[in-house]
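Computed from the coordinates by the stated procedures, all read-outs in this text should not be read as laboratory data. Given the structure is predicted, the values throughout are model-derived calculations rather than measurements. In this analysis, Cβ positions are derived from the backbone assuming ideal geometry, glycine residues included, and neighbour counts consider all displayed protein chains.
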Amino acid sequence: MLLIGNGRLITRDNGNPYYENGAVLADGPLIRAVGETRVLREKYPEAEFLDARGGVIMPGLINTHHHIYSAFARGLSVKGYSPRNFPEILEGLWWKLDSLLTLEDCYYSALATYLDCIKNGVTTVFDHHASYGAIPGSLFDISRAARELGVRTCLCYEVSDRAGREKTRQAVEENAAFLKACKGDPMQKGMMGLHASFTLSDETLSLCRENLTEEAGVHIHVAEGIEDVYHCLRSHGKRIVDRLYDFGLLGKKSFTVHCVHVSAAEMEILRETGTVVVHNPESNMGNAVGCPPTMELMRRGVLTGLGTDGYTSDMLESYKVANILHKHHLCDPGAAWVEAPKMLFENNAEIAGRYFDERIGVLCPGAAADVIVLDYDPLTPMGADNLNGHILFGMNGRNVTATVIAGVVKMKNRELLCADEAEILANCRTLAVKLADRMNGG
């Protein structure tokens, strides 16, 4: 057994939301008890003790939309790349990069990203993968990296027609194979990944629908750029959410990512079908595609989570940006105070619960023993009524000193215990140089 204690405990359990000096007892992959540190230490003296040293203890964070394949793009310079709009960003950088990835690149990108997640206190990752230079086996190599590091993850491959019919078929088959392989796995789940409406024919959408299982939905970018909307109207005579609805691809297991340019009617379809929307504030700003109507989506009752779209692995950073983006966009200083923390701490947990059997994102008996410790010492009073304010203005991912996933310590005192980080990063640098050379015609 593992007892994580001697810290300000944020449980996200409405019955017992906060302990000034609390502890969590992990018994294998699940939590056995939560309470005062002194009481639990006396009751379970044989448990290994992880000392929070007066910091903050809270549930591991959840990222509902990541892009592991983008890891080697950090600092990358591409000759002649000077995009003026979102389609040029896709064509000039991301589609070019993913067409040149090898299986080894995918594996090491996953190792590097999952390690970054652990260091930032992210214990559950929903990833959306693309590697059109190496499709068969790519999800399995990412899965291998997640299993070696012990990260909870849900994977899918981005189906698209942009590389031709044979590649489309391989992408669908990769999703189908992984869905079959991870069935019944408590730590790994799968979805049917789709790129976006404008790169998917009716034939391909039908093929994806045929290969879906009852356990999985689709994970697709929706109306990220306005060009996606225009293409759907011109080519199909309807809006994107309507098109997905007609193919039976919406529902409680499906993720529609971004939804920057959705209409009121589309919002109602998303609500009625129980479909998830994932907000990625930094990515939307960086790609200059606009600010999504996140506040309105949530007001209408659409379950909306928070992701990073590969921009970062620091969910607390994305929490901060979501908070200020909507204030700025709406010219309303009251916007997103409630919605931003709800997305990260409540909705992401509910979304993850649609795939993983264990309760995630809460510290209570019977829940998954995914726990993080942060070295935060508040300079003002902290309690159940203002803890989100302390997180928003006082913490970021680099405050994380310890990460526990399924009861196993992955990082302690900022030392990674699950892998040789130096060796992994050295291999990543070698592969990244080779990829950059291929990107620039070498």
Of all residues in the range 225-254 being in a helix (DSSP H, G or I) and more than 18 Å from Val289 (Cβ to Cβ), which is nearest to the chain's Cα centre (by Cα)? Leu244
Given the options Val262, Val257, name the one that is in a strand (DSSP E or B), on the phi < 0 side of the Ramachandran plot and in contact (Cβ under 8 Å) with a residue 40 or more places away in the chain. Val257
Of all residues being hydrophobic (A, V, I, L, M, F, W, C) and surrounded by fewer than 23 Cβ atoms within 10 Å (Cβ to Cβ) in the range 323-337, which is farthest from the chain's Cα centre (by Cα)? Just the residue, please. Cys331
In the range 142-171, residues that are touching a residue at least 40 places away in the same chain (Cβ under 8 Å), assigned to a helix (DSSP H, G or I) and either in contact with a Lys or Arg (Cβ under 7 Å, 6 or more places away or on another chain) or not small (Gly, Ala, Ser) (or both) total 4
Of all residues making up the range 64-115, the number that are aromatic (Phe, Trp, Tyr) and more than 30 Å from Tyr355 (Cα to Cα): 2
Take Cys106 and decide whether it is out of contact with any Gly (no Cβ under 8 Å at 6 or more places or on another chain), of a type outside the set (D, E, K, R) and either under 18 Å from Val408 (Cβ atoms) or touching a residue at least 60 places away in the same chain (Cβ under 8 Å) (or both). no
In the list Leu115, Leu93, Leu100, Leu111, which residue meets the criterion of being outside any loop (DSSP other than H, G, I, E, B), surrounded by fewer than 24 Cβ atoms within 10 Å (Cβ to Cβ), in contact (Cβ under 8 Å) with a residue 60 or more places away in the chain and not aromatic (Phe, Trp, Tyr)? Leu115
Over the range 181-201, the set of residues under 28 Å from Gly225 (Cα atoms), in contact with a helix residue (DSSP H, G or I) (Cβ under 8 Å, 6 or more places away or on another chain) and not in a loop (DSSP other than H, G, I, E, B) is Gly190, Met192, Gly193, Leu194, Ala196, Ser197, Phe198
For the range 1-41, which residues satisfy the criterion of being closer than 18 Å to Gly383 by Cβ and not in a strand (DSSP E or B)? Thr11, Arg12, Asp13, Asn14, Gly15, Asn16, Pro17, Thr37
Only one of Ala422, Ala340, Ala384 is buried (at least 18 other Cβ atoms within 10 Å of the Cβ) and small (Gly, Ala, Ser), namely Ala340
